[in-house]
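K.L.:
A single structure is presented below for examination.
The values are calculated or read from the model by the stated rules, or taken from the named source; none is laboratory data. Only a predicted model underlies this, so the values are computations on that prediction, with no experimental measurement involved. Cβ sites come from the backbone with ideal geometry, for glycine too, and all protein chains shown count toward neighbours. For the accessible areas, the whole protein counts, side chains as well, though only heavy atoms, and no ligand, DNA or RNA atoms are used. Shrake-Rupley method; radii C 1.70, N 1.55, O 1.52, S 1.80 Å.
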Amino acid sequence: MGRKRMEEQWWRGELAADIHQTLRTKELNLPLYKARSPQIGMRRYFIDLLTVLSNRCNLCPTARHLAVYLLDLFMDRYDITVKQLYVTSFACLLLASKFEEKEDKVPKLEYLNNLAYTCNVNVVLSKKDLLRMEMLLLENFNWNLCIPTAAHYIDYYLYASIGENDLHNGWPITSLTKVKAFMEKYAYYFLDFSVQDHSFLHFRPSLIAAASVCASRICMQISPAWTTQLELLTCYSWEHLAQCIEMMLIYYENDIKEASNIKKEVTIQHQQQEVMENLRHEATTQVLFQQSSYHPLAQHSASLSQFQSPVQDLCSAYRDSLQAHRPSTLLAGSADSSLHSYAALQASLQPPAQTLHVQMPIAVQVALGTEPSHCISMAYGSSYFSSCHSYPAGCFDG
């Protein structure tokens, strides 16, 4: 599928419906994931590792998702040591790239070892170990790597994700090309989310792809959220997608909150540094030139506004409607973290005997229309391999 995507956009061709039906038939025979691996606590680490490696190797999304799926199924069946998990991860990536990519795109052993070193992986791969692990994986999957993943469906669903009769914020869409470009970014953003939590493995890959498109329409405020055309194309109704969409919106809201909290922390740190520099400057000036005291001056303060936006309200409204429709409780948000208020920090930094006039701009501008990156390590603030954090940007900005 990776080679097919590069050479021809199959979802635009005459055989698109037949290819889609073949994938849907194959996914009915996928093995059941039981989430019983003893190393399941380390799963997120190795998923991030595969994501970083695949991005460095410029592999297509289908190769990355296939590598993750192979690793999940293999871990679910065997008790593997940590050292062997590294070799298994690299072998899964190699097999997936050989199956989905062109030959010249398959990473070489020396390049993989260099990447492992840059990722602080204390493992040196040998050709013998990799070949042995590849053979073990192939035997485990009966030499059949034609396994559908959500990435195999997403382009077919994205092709019909925006219609001429769709509305944005209640108004007709003026640029379908621009909206479709942002829709693709959002869909892959949610698609990358789906590999981070093994709970999504209980859904069929085609359903995850359809839910990614629907969640993207909700976040971009495209109405209706799910059209008749998409329902006919995917064979999924709103009721089929509701649970998966709710999980995605919860993760989306938590990711937005985390990005907002990180930006607040950075702003507070900058303010603290400026206050300390002003204190040192004023103290030095007073000692060298005069022995006078400062008169109390008016204190300028600016409170950090509560993170809120129309898109988050919309996500919450959809979540409330989903929870009202289904009594079962799904995931709980876990990204909230307590921060010291700016007022408390400001009070703690004031000198005991005098009040300084410190005027500084405080600006926190966070918009909810996230432009997701295809690399999970960039989208996740808690990534193992990146200290970078994604700050959401407006959906329809420039």
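K.L.:
Taking a probe of 1.4 Å, how large is the accessible area per residue of the stretch 204-259, in Å²? Walk me through the numbers on the way to the answer.
P.N.:
Working: 1580 Å² over 56 residues.
On a per-residue basis, the stretch 204-259 sits at 28 Å².
K.L.:
With a cut-off of at most 16 other beta carbons within 10 Å, and DSSP calling the residue loop, which GluC sites (Glu not before Pro) in the stretch 20-122 qualify? Please list them. Working shown, then result.
P.N.:
Numbers: sites: E27, E100, E101, E103, E110; in loops: E101.
When the GluC sites (Glu not before Pro) of the stretch 20-122 are filtered for loop state and at most 16 Cβ neighbours within 10 Å, nothing remains.
K.L.:
I've got another one for you. For the stretch 39-129, what is the accessible area per residue in Å², given a 1.4 Å probe and the full set of protein chains?
P.N.:
Values: 3870 Å² over 91 residues.
I get 43 Å² per residue for the stretch 39-129.
K.L.:
At 0.36 nm per residue, minus the direct Cα-Cα distance, what do Y159 and R77 gain on full extension? Give it in nm, one decimal, please.
P.N.:
25.9 nm
K.L.:
Still on this structure: Can you pull the percent of the stretch 84-164's accessible area that's carbon plus sulfur, 1.4 Å probe, other chains left in place? Walk me through the numbers on the way to the answer.
P.N.:
On the way: 2040 of 3930 Å².
Summing carbon and sulfur atoms, their accessible area is 52 percent of the total for the stretch 84-164.
K.L.:
Using mean Cβ contacts within 10 Å as the protection proxy, how do 256-263, 166-173 order, highest first? Intermediate values should be presented prior to the final figure.
P.N.:
Values: 256-263: 19.6, 166-173: 12.4.
Top of the packing list down: 256-263, 166-173.
K.L.:
What ranking, highest mean first, results for peptides 204-211, 230-237 when packing means the other Cβ atoms within 10 Å averaged over each residue? Show your work: numbers first, answer last.
P.N.:
Working: 204-211: 25.1, 230-237: 17.2.
Put in order of decreasing packing, that is 204-211, 230-237.
K.L.:
To continue, here is another question. The stretch 41-196: D in µm²/s via Stokes-Einstein (Kirkwood Rh, Cα pairs, 25 °C, 0.890 mPa s)?
P.N.:
Numbers: Rh = 17.1 Å.
The diffusion coefficient I find is 143 µm²/s.
K.L.:
Take the Cα atoms of the stretch 123-182, build their convex hull, and give its volume per residue in Å³.
P.N.:
Details: hull volume 9.7 nm³, N = 60.
Given the Cα convex hull of the stretch 123-182, per-residue volume reads 162 Å³.
K.L.:
Let me ask you something else. Taking square-rooted eigenvalues a ≥ b ≥ c of the alpha carbon gyration tensor, is the stretch 15-63 rounded, prolate or oblate, where a/c under 1.5 means rounded and, failing that, a/b exceeding b/c means prolate? All intermediate terms of the calculation are to be shown ahead of the outcome.
P.N.:
Working: a/c = 5.89, a/b = 1.35, b/c = 4.37.
Taking the square roots of the gyration eigenvalues as a ≥ b ≥ c, the stretch 15-63 is oblate.
K.L.:
One-quarter of the Cα convex hull surface for the stretch 166-246, in nm²? Each step should come with its number before you reach the end.
P.N.:
Values: hull surface 20.7 nm².
Across all orientations, the stretch 166-246 yields a mean hull projection of 5.2 nm².
K.L.:
Let me ask another. Can you bin the stretch 1-82 into rounded, prolate or oblate? Criterion: square roots of the alpha carbon gyration tensor eigenvalues sorted a ≥ b ≥ c, rounded for a/c under 1.5, prolate for a/b above b/c, oblate for the rest. Please list the in-between numbers first.
P.N.:
On the way: a/c = 4.25, a/b = 1.58, b/c = 2.69.
Oblate.
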